[in-house]
Amino acid sequence: MKSFFKPVLIASLLATAGFAAFSQVPAAGQDCMMGQGAMYGGMHHERMGKFDPAKMQARMDQRSAALKAQLKLTPAQETAWTTFTAAMKPPAAMMANRPDYAELIKLPTPERIDKMKALHTQRMADMTAAMEQRGEATKAFYAVLTPEQQKVFDASTARHFGSVGRKGGHMGHMGVPAPKQ
């Protein structure tokens, strides 16, 4: 009798706890998991801050200037640098094609799903095209660098693939494991 009672009690407690967790309704003003908070891993926009293209461009310009100083480019390499940095700028179309969440929430759920799917498909196509353009521009610029400059470039751009120097199995950008040192 004891061996039967204990598993039944545990199962009923787990079922009750699970039901209580899923039956909670978000308070007014909170995003539910299917709301716009889910777009960024469940984070609320209030905590993330608003997207500011000017700040992003300023950070990119700062990093670009630092890389240029580290590379110590020759006058003959300046044209390749200009072409490279122009290709690294985000396309204006990608920056402008942000979904209007106020309009999306007005749509019935099936239409909202279809609209989000279409927006996602277009965004992925735009991102792929931009990635291909950046990849080709990077390869062309890399080809004009000296071997010493290539080492500097490699070290500078490797940070985008994870936290170089951290211990443990930290996964970096795009799920690529950070290199061990």
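Couple of notes before you dig in:
- Take the Cα of Ala92, step 7 Å toward its Cβ, do the same at Glu78, and the gap between the two points is 2.6 nm.
- Karplus (6.51, -1.76, 1.60) ³J(HN,Hα), θ = phi - 60°, over segment 128-139, in Hz, Gly and Pro reported as x: 5, 4, 5, 5, 5, 4, 5, x, 5, 5, 5, 4
- FRET efficiency for the pair Thr128 and Arg159, taken as 1/(1 + (r/R0)^6) with r the Cβ-Cβ distance and R0 = 25 Å, rounds to 0.60.
- Extended-chain gain in nm, criterion 0.36 nm per residue less alpha-carbon gap, Met116 and Thr146: 6.2 nm
- Projecting label points 7 angstrom from Cα along Cα→Cβ for Glu103 and Met56 puts them 1.9 nm apart.
Values quoted throughout were computed directly from the atomic coordinates according to the rules given, and no laboratory measurement underlies them. Because the structure is a prediction, the values reported are computed rather than measured. Don't worry about glycine lacking a Cβ; one is built from the backbone with ideal geometry, like all the others, and counts go over all protein chains shown.
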